[in-house]
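J.: A single structure is presented below for examination.
The values are calculated or read from the model by the stated rules, or taken from the named source; none is laboratory data. All of these numbers come straight from a predicted model, not from anything done at the bench. With ideal geometry, Cβ positions are generated from the backbone for all residues, glycine too; neighbour counts draw on all protein chains shown.
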Amino acid sequence: MSLIDDLEELAVGARLKRLYEYFAKDVVLIYKDEQLNFEPKYFTLYYLISKQGEAAVTEIAEELGCTHPGVIHLAKELEELGFIESVKSASDSRKRILRLSEKGKASLPKFERVWAKILALNKSLFNSQQNNLLSAIMETEAQLNEKPYYQRFQEMFNPQGNNPVTVTTYEPQYARHFKNLNIEWINTYFTVEEHDLEQLNHPEDYILADGGEILFAHIDDDVVGTCAVIKTGPTEYELAKMAVSPKYQGRKIGNALMEAAIVKIKELEGTRIWLGSNTKLTPAITLYKKYGFKEFQAVASPYTRANIHMELDL
């Protein structure tokens, strides 16, 4: 597998480009077999002109969903190959019209025979697939026509959202969010360990029963973050299992959870908070320092990933 294969959804554009190149290099060979000096990139422009008889660059750009300069560039190359020609519009001398040249007209029957064969091959290929490629492309295009990609990105990750963040304490229906959010972030950077699973699978036994608490951050109806305060001494608490949904990163969820945790520990009459983390989690370390946490040397840690420990006296 190549890097593009490994990246999966992150490299959709590169993968579509590679797929186009798979088709294009062999379609060029098919045209050559028919003595046609022609590339697949010219197809839609040549086809449109052949059906309309003639068309202006602006009209072509709108019809094909291309940029004006892009159409001009392709038209220039196609004109150099002799398949089209550019003439002044009869109704407006300032406008240039594209139409088939004599060579383009003479070649059209041969092109149409090739296109009919390519169409049959593509139908056979796509209809044999478990997930029809053309149907998937049409569905994706419909989604993006309904709501553009940039708008979707802004709505999912825009840190300037106005809906407030609220923090609540543990309720049984939130247990799955405590586990899922933590499993997601741990697997992103590290490996889930046995002690993680003890607390995530049995939070009431391993956290709440000993006098700790679990907090949940909400935006509207979504649980977007969580953290635990675990009692480790008469007035000492560990801040642990802080996780924020990637969908809502940038909305200062960590700040809201940190402030709520400090308030909760004070309510529980705690005087010291400590935590274990990893130095490669730069945003997390920055957050802890912002609230006054200082590094200290811990005797031991139940987590192999913890290479830094920090504390805060209240």
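J.: Mind listing whichever residues of region 103-114 are within 13 Å of residue 47 (Cβ to Cβ) and surrounded by fewer than 13 Cβ atoms within 10 Å (Cβ to Cβ)? Steps first, please.
T.: In the first step, residues of region 103-114 are kept if they are within 13 Å of residue 47 (Cβ to Cβ); the result is 104, 107-108, 111-112, 114.
Hit for region 103-114 is 112, nothing else.
J.: Which one is surrounded by the most Cβ atoms within 10 Å (Cβ to Cβ), of the residues in region 260-301 that are within 30 Å of the chain's Cα centre (by Cα) and in contact (Cβ under 8 Å) with a residue 40 or more places away in the chain?
T.: Of everything passing the filter in region 260-301, 284 is surrounded by the most Cβ atoms within 10 Å (Cβ to Cβ).
J.: Would you call residue 38 surrounded by 14 or more Cβ atoms within 10 Å (Cβ to Cβ) and in a loop (DSSP other than H, G, I, E, B)?
T.: yes
J.: Determine which member of the set 75, 55 is part of a strand (DSSP E or B), in the same structural domain as residue 96 (by TED's automatic domain parsing) and under 12 Å from residue 98 (Cβ atoms).
T.: The match here is 55.
J.: Identify, please: which residue in region 220-247 is out of contact with any strand residue (DSSP E or B) (no Cβ under 8 Å at 6 or more places or on another chain) and touching a residue at least 24 places away in the same chain (Cβ under 8 Å) and is, among those, surrounded by the fewest Cβ atoms within 10 Å (Cβ to Cβ)?
T.: Top of the filtered list is 220.
J.: In this structure, does residue 213 turn out to be over 35 Å from the mean Cα position of the chain (by Cα), of a type outside the set (Phe, Trp, Tyr) and either surrounded by fewer than 19 Cβ atoms within 10 Å (Cβ to Cβ) or at pLDDT 95 or above (or both)?
T.: No.
J.: Residue 101 - would you say it is under 29 Å from residue 13 (Cβ atoms) and without any contact (Cβ under 8 Å) to a residue 24 or more places away in the chain?
T.: no
J.: What single numbered condition from (1) charged (D, E, K, R); (2) in contact with a Gly (Cβ under 9 Å, 6 or more places away or on another chain); (3) under 26 Å from residue 22 (Cβ atoms) fails to hold for residue 103?
T.: Against the list (1) charged (D, E, K, R); (2) in contact with a Gly (Cβ under 9 Å, 6 or more places away or on another chain); (3) under 26 Å from residue 22 (Cβ atoms), residue 103 comes up short only on (3).
J.: Can you confirm whether region 230-250 contains a residue that is touching an Asp or Glu at 6+ places or on another chain (Cβ under 7 Å), at pLDDT 95 or above, part of a helix (DSSP H, G or I) and under 20 Å from residue 203 (Cα atoms)?
T.: The answer is no, given that none of the residues of region 230-250 is touching an Asp or Glu at 6+ places or on another chain (Cβ under 7 Å), at pLDDT 95 or above, part of a helix (DSSP H, G or I) and under 20 Å from residue 203 (Cα atoms).
J.: For residues that are outside any helix (DSSP H, G or I) and among the charged types (D, E, K, R), scanning just region 251-308, find the one that is nearest to residue 215 (Cα to Cα).
T.: Only one residue fits best here, namely 252.
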